[in-house]
Structures are given as structure tokens and as C-alpha cells.
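Each remark here refers to the structure printed beneath this line.
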Amino acid sequence: MRMSKIVRFAADVLFGAIVIFGLYVIMHGHLTPGGGFQGGAIVATGAALVIVAHSYEEVIGMIKKAVLMAQESAGLVMFAGVALIAIGLGTTFFFNFLANSGSLFGMTVPFGPNPGELNTGGVLPLMNIAVGIEVWGGLAIVILYMLSGIGKKEEA
Amino acid sequence: MRKELSILIIIIFGLFLGLIALDLTFGDPDNTAMDDYFIQNGQEQAATNNIVTTIVFDYRGFDTLGESTVLFTAVIGVALMYRKLVKGDADENE
Amino acid sequence: MIETIIHVLVLTGLIVSAVLVYHFKDLLAAAVASGLFSFLISLEFYILQAPDVAISQAAIGAGLTTAIFILAIRSTKRYEEDAP
């Protein structure tokens, strides 16, 4: 079973805009409200829109389960890996070793209200990206598995 | 009898929650010493404007690691349950 | 003053949408009313100056939960039956 052509076309058009907005929330997590979890949930909502609108065979052609599973695992490994690198550098677990270093994401921030700069934050943007990838894959694959659970039943 | 009893329980529970809510104050919490520390040093130590992100990912990073692990475990559980349900699916290649 | 009026409107909408979820016999309409409840509660979080929680609630509560309900309705029946 699939929804009407209007719903399917609207879902396809809105999917791109929702993904771009979710990636914006993930990337600007250290400047504006939001962050990895919120941005990943927004992208997963876009995937859920496509999954609900289309039939099982169409969704299987568009979204691969293996890709989402790899995304989720890679996000968690990257999150723990960034925290473990700090131990390798001789500091404590979860130490922010990139902050104020002048390299990647290493600009300093003056005290008080200011407009902000994207190239700040140390390891926080990396952790936002890792959690965003993980939540994106995790929440999307839950809905995809639920659809595959009912997909067999609908054909009968 | 059952209906009156449930209405009575609802009224008692509502009064209980209402009495608790009378003591709460909204919108103007006092700053503790830890709040002041985060606000004074957060921007300098983590080089970030968003103090919420600083606390979630830097000062309280262990909590976020646990949260990610909980999400991962929940998804693995759902995947295991539904894989048994949809056995014989051609897409299940792993 | 204007803030109090917005609070009262949002809270009234919350109660109305919660009653609508109970009232509908069409389960698809009940799922949409549940999504409206989540959206209004995220608006309330935003008014109370918690934008992080508001974004989470809007994405998870109004988006993903409604999608899961709609998938469940697709695989079962759309209309609620009278209790035996």
C-alpha cells in the first residue's frame, strides 16, 4: 500500500529541505540552540516522511539498511574515538584538546555576548557530527525495520 | 461503584499534584556556585558560545556517551527482533 | 500581559488536543491530534526559553512518533471498534 501521488511528490520535495536544515542544526550546534541529537532527529524525520509515504518495495530501492547500520556504528565509534584520542595525548578522558589550539576548530572566543565564529569549539563540532550521524542512522533504521515488519503482511 | 472510585482517585491525585505545584517557583531560579563557574569559564575553556553544548559534550561528556550507548543498544534490540520476524527477506544480507 | 495570553492559549490548545485524542474513533485523526499535542508542547517549551528541548520535542514527538503510529495503523485497522 502506498499513499496518493500528491503525498509522495510532496514527501520527495520536502526531503531535501529537511535534510539540509538538519545538517545545518548539526554543524552549528556549538553556536545556536540544537546540536547533534536534535539535528540527527530532524534528518531522521525527513527519512520517516519518505518511508511513510512510499510502499515497501520503493523504500527498499531508495534507502539501504546496511548503510544506515554502518552510519550508526561509525557515529558511536567516532564519538568514543575522539574521547580516547585525548587519553593518547596524555590528558584525561573527554578533554577538549583542540580548543584554543589555533588549528582545526581552534579559534579563541572573547568573553561575553558576541556573534560567534564557525571555526571555534575544539572537539565539540566533531562530537556533534558523530552524535548526529549516529542518531540519524539509529532513528531511521527503527522506522525502516517497522515498515519491513508490516511490508510482508500488506502483500497478502 | 467503580466509576465513583476512579473519579475519587483522580480528584485526590489532582489535589496532590496541585499542592506540590503551589510550592514551585517558575522562571527565576537562583544561581548556584557551579552555574557561576560554567558561565564565567565556559567560553574560555571550551572556546564555544553555546554553554548548553559545552556542558553536554565537554563538562558532562560521560552522560552523552551513556546516552549514545543506550540509543545504540535500543536500535540493536529492535533490529534483532524484526530480523526474526521478516526471515527470508532478500535485503537481509548481513 | 501578551505573554500571559499566549500561555493561556497554548495551554488551552493542549487540553483540547488531549481530549480530541481520546474522542476520535478514526485512529489516523487521533494520531494527527497526538502530533498536534506534541507540537503545542514544544511551542510551550520555546516560550519558557528552552529551545533545545523544543527542537527535540518537535522532531521526536511530532515527527517520528506520528510516523510510527501511521505505520502501525497501515498494518492494522483504521477505525476503532466498540468495546465488547
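We did not get these values from a lab; they are worked out from the coordinates using the rules stated. Keep in mind that this is a model prediction, so the values were computed, not measured. When we count neighbours, we look across all protein chains shown, and the Cβ atoms used for this are built from the backbone with ideal geometry, even at glycine.
Of B:A47, B:A21, B:A33, all but one fail to be over 30 Å from A:M146 (Cα atoms) and surrounded by 13 or more Cβ atoms within 10 Å (Cβ to Cβ); the exception is B:A47.
Applying a threshold of 9 Å to beta carbon distances and a minimum spacing of six or more residues, or different chains, the list of pairs starting in the stretch A:124-144 at a residue that is facing chain B (nearest Cβ under 10 Å) and on the phi < 0 side of the Ramachandran plot and ending at one that is in a helix (DSSP H, G or I) and basic (K, R) reads A:I141/A:K65; A:L144/A:K65.
Of the helices (runs of 4 or more DSSP H) contained entirely in the stretch A:1-76, those carrying at least 1 residues that are away from chain C (no Cβ under 12 Å) and not β-branched (V, I, T) fall at A:5-27, A:56-62.
Just to be sure, is A:F94 in contact with a Phe, Trp or Tyr (Cβ under 8 Å, 6 or more places away or on another chain), assigned to a loop (DSSP other than H, G, I, E, B) and at the interface with another protein chain (Cβ under 8 Å from one of its Cβ atoms)?
Values: in contact with a Phe, Trp or Tyr (Cβ under 8 Å, 6 or more places away or on another chain): yes; assigned to a loop (DSSP other than H, G, I, E, B): yes; at the interface with another protein chain (Cβ under 8 Å from one of its Cβ atoms): yes.
For A:F94, the condition - in contact with a Phe, Trp or Tyr (Cβ under 8 Å, 6 or more places away or on another chain), assigned to a loop (DSSP other than H, G, I, E, B) and at the interface with another protein chain (Cβ under 8 Å from one of its Cβ atoms) - is met.
Does C:F24 qualify as being away from chain A (no Cβ under 12 Å), under 21 Å from A:V25 (Cα atoms) and aromatic (F, W, Y)? Judged against the criteria, C:F24 is not a match. Could you go through the stretch A:102-118 and let me know if any residue there is more than 14 Å from chain C (Cβ to nearest Cβ), surrounded by 15 or more Cβ atoms within 10 Å (Cβ to Cβ) and touching a Gly at 6+ places or on another chain (Cβ under 6 Å). Looking for residues that are more than 14 Å from chain C (Cβ to nearest Cβ), surrounded by 15 or more Cβ atoms within 10 Å (Cβ to Cβ) and touching a Gly at 6+ places or on another chain (Cβ under 6 Å), one finds at least one in the stretch A:102-118, hence yes.
Restricting the first member to the stretch B:6-26 and to residues that are hydrophobic (A, V, I, L, M, F, W, C), and the second to residues that are surrounded by 10 or more Cβ atoms within 10 Å (Cβ to Cβ), the beta-carbon pairs closer than 8 Å and six or more apart or on different chains are B:F26/C:L48.
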